[in-house]
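See structure below.
Readers should treat all values here as calculations from the given coordinates under stated rules, not as data from a laboratory. Computed from a predicted model, the values in this text were never measured in an experiment. Cβ coordinates were reconstructed from backbone atoms using ideal geometry, including for glycine residues, and neighbour counts include every protein chain displayed.
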């Protein structure tokens, strides 16, 4: 078993045994929270048009997503885990489109198994990965084509806790980073992350703190038949 | 004045005020050493054929470079700073082609000023950059399309010592990494770097230690009229 960290998502094929998609702020945190609150399935799509079409073609679908970090006009929900509740979500199917996260999902789909990771479900993801074999690809979404601090930190946390062989240098880059700042994760991200600062400036201060919480939920979103379900 | 770290080289244009090309193992270390030993000019080219053509067309040119980390057949020198000496190099023009470093140079050429950095000339590069204004782009060569530990460490050392504004998260990723391991730089690179391990397996153990030496040379290679000269 060995791990590769991709600080930006690479296009994977069937040679990847497990793809772990990471978009801490906020797509994979939001999708993890949605499954915690009982969503039946979450379908990620690349465009606003695809999401609207999906809602038209299917029964009782909630539209979720953002552009420029803001809720999309006409959508039911933005890309915020804190907007969600059991009352709103339970038993529903969600279709979601975001700027970086759903792109990372799209590049990961051909792997043998595809899961989602956030700090919210870090422990559950580690437990699942320890039962796997072969090559694990940690697919950081990044922000607008540049590696992001918070995704690199989560990749580093996974590398640290997995204690398996490293395929590339980004494994060590991310794990040393995580070990250096793990005791002040939330404040480190808030003070230094470009994306975190942008979210704060748009009024999403509490989202950043929420997405830095570790092991709030005990579940792993798993790709099955075109969407993520509770694994 | 602000800085951006590119963990892999991005194609720059005239909006970049200073491009700092980084390929610690070993292209920018070798070119810095060559200018220290009195090379008149170093011309980086992308292919072996271009290097041979350049030697045919010019008087007294030494061919330098590697493919798969090994000296190229028919070339005068490999890509090793430890192969060089004043006797061999002084007053000569060099043409060089390497797997990653000369590609990073090629992507940086359109910046207003282009320089080379290695641990060997870290202090000189910092002093030069502190006198500049505008946007500095740290262009890490990486290894075969993946960020490399040693280039990220040098970028982090520059970010730490410059103490200026950060454009992207890779600034903080690299500076925290550097601060965490700077007291054991050589052993950290030897134990963890994919490229360093490959060099050791090919018999270049001492090259890795040499390229981790800080401030051995007091000069900055500067791009002028198609090649690097002592700035």
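Structural descriptor for chain A: relative contact order 34 percent, calculated from alpha carbon pairs under 8 angstrom and at least 6 residues apart. So, in Å, what gap is there between the alpha-carbon centers of the stretch A:19-74 and the stretch A:107-153? The stretch A:19-74 and the stretch A:107-153 have Cα centres spaced 18 Å from each other. Once Rg and the Kirkwood radius are both taken over the C-alpha atoms of the stretch A:1-152, their ratio Rg/Rh works out to 0.96. Averaged over the residues of A:188-194, the number of partner chain Cβ atoms lying within 10 Å of the residue Cβ comes to 3. Label-point spacing at residue B:145 relative to the other copies reads 1.8 nm, in ascending order, each point sitting 7 Å out from Cα along Cα→Cβ. Sorted shortest first, the separations between the residue B:85 label point and its copies elsewhere in the assembly read 8.0 nm; each point sits 7 Å from Cα along the Cα-to-Cβ line. In the elastic network of chain B, a GNM with C-alpha springs shorter than 10 Å, the most mobile of B:136, B:96, B:167 is B:167. Equivalent ellipsoid of the stretch B:32-97: semi-axes from √(5λ) of the C-alpha gyration tensor, largest first, are 17, 14, 9 Å. What share of all Cα pairs of the protein assembly as shown, in percent, falls into each consecutive 20 Å distance bin? Bin by bin from 0 Å, the calculated values are 25, 49, 23, 3, 0. Helix A:149-162 and the longest principal axis of the Cα set of chain A meet at an angle near 60°. Summarised in one figure, the compactness ratio Rg/Rh of the stretch B:109-182, Cα atoms and Kirkwood Rh, is 0.93. Of all DSSP beta bridges confined to chain B, the antiparallel ones make up roughly 25%. Each peptide in A:76-88, A:102-114 gets a packing score, the mean of other Cβ atoms within 10 Å over its residues, and the list from highest to lowest is A:102-114, A:76-88. Distance to the A-onto-B rotation axis is smallest for one chain A Cβ; residue and value in angstrom are A:180, 2.
A convex hull fitted around the alpha carbon atoms of the stretch A:147-231 yields 141 Å³ per residue. Peptide A:8-15 has a mean shielding of 1, counted as Cβ atoms of other protein chains within 10 Å of each residue's Cβ. Computed from Cα atoms, the angle from the helix B:48-57 axis to the main principal axis of chain B rounds to 50 degrees.
Each copy carries a label point for residue A:213 at 7 Å from Cα along the beta-carbon vector; from one copy to the others these points are 5.4 nm apart, nearest first. Let me know the whole percent of all Cα-Cα pairs from the stretch B:86-231 that are separated by more than 20 Å. Taking all Cα-Cα pairs of the stretch B:86-231, the fraction more than 20 Å apart is 51 percent. To the nearest 10 degrees, how steep is helix B:169-181 against the longest Cα principal axis of chain B, on a 0 to 90 scale? It is inclined by approximately 80 degrees. Is the stretch B:144-194 best put as rounded, prolate or oblate by its Cα gyration tensor, with a ≥ b ≥ c the root eigenvalues, rounded for a/c under 1.5, and otherwise prolate when a/b is larger than b/c, oblate when not? Note, shape of the stretch B:144-194 comes out oblate.
Peptide A:171-180 is shielded by partner chain Cβ atoms: per residue, an average of 6 of them sit within 10 Å of its Cβ.
From the largest down, the stretch A:1-74 spans 43, 27, 24 angstrom on the principal axes of its Cα atoms.
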